[in-house]
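Take a look at the structure set out below.
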Amino acid sequence: MKPASLPERARAGPLAAWRYRALSLKAITFAMIGVVNTAVDYCVFLLARTAFDHSPAALALFGRISDFCQCSNAPTFLLIAANTVSWIVSMSGSYIMNSTITFAAESGRRLHWRAYSAFAASGIAGWVANTATLLVVAEILLLPVWLAKLVAVLASFVVNFSLSHFVVFRPRTKPAPTPDQI
C-alpha cells in the first residue's frame, strides 16, 4: 500500500475535523433535547411518586410485591414504579425529537414503529442505568431522592447517547444501484 500524497493528507485533516464537529453537534443537540426530556422525566417522576405515595391501592400492591419476593421494601418498589412511568413518557418524547432533529439525516425525519421499538429497547439499558443509580444513591448513599434522580439522569445520558448514535440511528446505507440506474 502506497503512502498518502500530501494533498490526500491535507484533505484528511479537515474531513476528520468535520466528522468530529458533526459528532459534537449531534451530542450537543442530543443533550439539549435531553434537557427538555430530563425536565419532563423529573416532573413526571415527582408526580408519579406523589400519586403512588398517596394511593392506598398502590401502596398495598407494592407491599404485596415486597412480601411475595422478600427482596425489598414497598418504598423501593414505589421509586421503581415512579421511575418507570417517567421513563416511558420521556423516552417517547425523546424518540420523536431525536428522530426529527438530532438524527434527522439518518431517520429521514420520519417516525417508524420499528425504529421506535429499537429506541425503546436501547432505552431499557438507559432505564436500568438510571434506576440502578437512583437506588444506589438514594438507598445506599442516603442522599435525598431529588438529588439521586439528578445523578441517575447523568448516568443514563451516557448510555442513551451511545446506543442512539451507534445502534438506533446509525447512518443509512444507500441501496446498490439497479442495472437500469447505471
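The values are calculated or read from the model by the stated rules, or taken from the named source; none is laboratory data. Predicted model, so just to flag it, every value in this text is computed and none were measured. Positions of Cβ are generated from backbone atoms using ideal geometry, with glycine treated the same way; all protein chains shown enter the neighbour counts.
Here are the numbers for the structure shown:
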| quantity | calculated |
| --- | --- |
| Selection count where residues are part of a helix (DSSP H, G or I) and surrounded by fewer than 17 Cβ atoms within 10 Å (Cβ to Cβ), scope region 98-115 | 6 |
| Within region 138-182, considering residues that are out of contact with any helix residue (DSSP H, G or I) (no Cβ under 9 Å at 6 or more places or on another chain), modelled with pLDDT under 85 and in a loop (DSSP other than H, G, I, E, B), the one farthest from residue 128 (Cα to Cα) | 182 |
| Test: residue 121 is in a helix (DSSP H, G or I), surrounded by fewer than 13 Cβ atoms within 10 Å (Cβ to Cβ) and in contact with a helix residue (DSSP H, G or I) (Cβ under 9 Å, 6 or more places away or on another chain) | yes |
| Count of region 47-80 residues which are among the hydroxyl-bearing types (Ser, Thr, Tyr) and more than 26 Å from the chain's Cα centre (by Cα) | 3 |
| Residues of region 22-42 that turn out to be without any contact (Cβ under 8 Å) to a residue 12 or more places away in the chain and of a type in the set (A, V, I, L, M, F, W, C), as a count | 6 |
| Cβ-Cβ under 7 Å pairs, at least 6 apart or on other chains, region 47-60 side more than 15 Å from residue 88 (Cβ to Cβ) and touching a residue at least 24 places away in the same chain (Cβ under 8 Å), far side of a type in the set (A, V, I, L, M) and assigned to a helix (DSSP H, G or I) | 53/78 |
| Lone qualifier among 55, 92 - being over 20 Å from residue 153 (Cα atoms) and of a type in the set (S, T, N, Q) | 55 |
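Results for (1) at pLDDT 85 or above; (2) loosely packed, with under 15 Cβ neighbours inside 10 Å, shown as yes or no for each residue.
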{"site": "3", "(1), (2)": "no, yes"}
{"site": "8", "(1), (2)": "no, yes"}
{"site": "11", "(1), (2)": "no, yes"}
{"site": "15", "(1), (2)": "no, yes"}
{"site": "49", "(1), (2)": "yes, no"}
{"site": "55", "(1), (2)": "yes, yes"}
{"site": "60", "(1), (2)": "no, yes"}
{"site": "72", "(1), (2)": "no, no"}
{"site": "76", "(1), (2)": "no, no"}
